[in-house]
Amino acid sequence: MTFSLSLTALLFAGLSVGASLPRVPSAVWQPPVGAAWQIVLQNALKVDPSNPTISPDSGVGIFDIDLFTSANDGQDTSKIATLKTALGKKVICYFSAGSYEPNRPDSSQFNPSDKGAALDGWPGEYWLSLNSANLAADMGCDAIDPDNVDGYGENGGGLGLTTADSISFIQFLAGEAQKYNLAIGLKNAAEIVPDVLDLVQFSVDEQCAADGIKECSTFTAFIDAGKPVFHIEYPNGDNSNSRPVSDTTRWCTAETEDDGTSVDIATFSTVIKNMDLDGWVEYCDQSVYNTARN
């Protein structure tokens, strides 16, 4: 299933900021605080249904993977089914909800007028005034990880997007997720956490420890609500050299300002990754794994 709606249309379709959604169905998965996870978005995982194995396995029960590459653009459910059935994992499916990506199967549906400003650092990608939704329910995903919902922070994405637009967008996406008993996360977007916390089941945060105490403290609201913060740090910057961090304290336990103010992030589900989000991962206990990919 694929659908597209402009953000402006959403605002005038009864999804005003602050509108409430029905109670989250009991069938929607709520991941626990502190759950261990792995995220691999570069290439599909290498999972053999006839001999299913994966690394890391023991103790890591959640995998966040790219919906389109993992499901062969919606044509193949075998990898996700193997992760869930044979390996007992929960599967979060990533997709870019608020941006145009030229190689996606729905890219031809967008008109030039739908595209806003280019995404900094991602050639060929643009902010969109449309939402390209997902095949996640059909593919067997347990949850969705919609990216690029914070266009307001990129000069409005060249489309005049505001925080109010992003709040309405999350309301819409959460409503669609509920229809299919899918959990949904909030990707970054610290500024709208108080407005959408009740609508989502988890946070996926990038670099709050690198960006400073204020942003980390914003995401502790998820922990207080019994919802996990899936936290990613890239200590090596743009490098993808799979170099372990000798001391994970800064990234995994607390962020402290010069004045001594501290935020404890030990309850965050932290992974240290290469910025291209390949199979390499380091955990806070300094264990290192490399998840096989095609």
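So if each residue of separation counts as 0.36 nm, and I subtract the Cα-Cα distance between A292 and A27, what length gain in nm does that give?
92.3 nm
What pairs from K84/K227; K84/K214; K179/K214 go past 30 Å between their alpha carbons? Violating the 30 Å limit, Cα to Cα: K84/K214; K179/K214.
With r as the distance between the Cβ atoms of D276 and N72 and R0 = 25 Å, compute the FRET efficiency 1/(1 + (r/R0)^6) and round to 0.05.
Working from the Cβ atoms, E equals 0.75.
At 0.36 nm per residue, and after removing the present C-alpha to C-alpha distance, how many nm does the segment from D198 to D224 gain when stretched out fully?
Stretched fully, the D198-D224 segment lengthens by 8.2 nm.
At an R0 of 45 angstrom, the distance between the Cβ atoms of E191 and S246 translates into a FRET efficiency of 0.85. The H on the amide N of K89, modeled in the peptide plane, is under 5 Å from the matching H of K84, each at least 5 residues off or on a different chain. Between R293 and K46, the built amide H atoms are under 5 Å apart, and every one of these is 5 or more places off in sequence or on another chain. Put a dot 7 Å past the Cα of S55, heading toward its Cβ, do the same for L87, and the two dots end up 1.2 nm apart. The label-point distance for T256 and A210, in a model that sets each label 7 Å from Cα toward Cβ, rounds to 2.3 nm. Sequence-ordered 3J(HN,Hα) estimates for segment 200-210 from the Karplus curve with 6.51, -1.76 and 1.60 and θ = phi - 60° stand at 10, 9, 6, 10, 10, 10, 10, 6, 5, 5, 6 Hz, glycine and proline given as x.
Per-residue Karplus couplings for segment 230-243, computed as 6.51 cos²θ - 1.76 cosθ + 1.60 with θ equal to phi - 60°, are listed in order as 7, 10, 10, 10, 10, x, 8, x, 6, 6, 10, 9, 6, 9 Hz, Gly and Pro entered as x. Under 5 Å from the amide H of I39 lie the amide H atoms of D64, each residue being 5 or more positions distant or on a separate chain, with H modelled from the backbone and absent for Pro and chain starts.
Any read-out appearing in this document is the output of simple, stated calculations on the displayed coordinates, not a laboratory observation. Here the structure is a predicted model, which means the values were calculated and not measured. Every residue, glycine among them, receives a Cβ derived from its backbone with ideal geometry; neighbour counts consider all protein chains shown.
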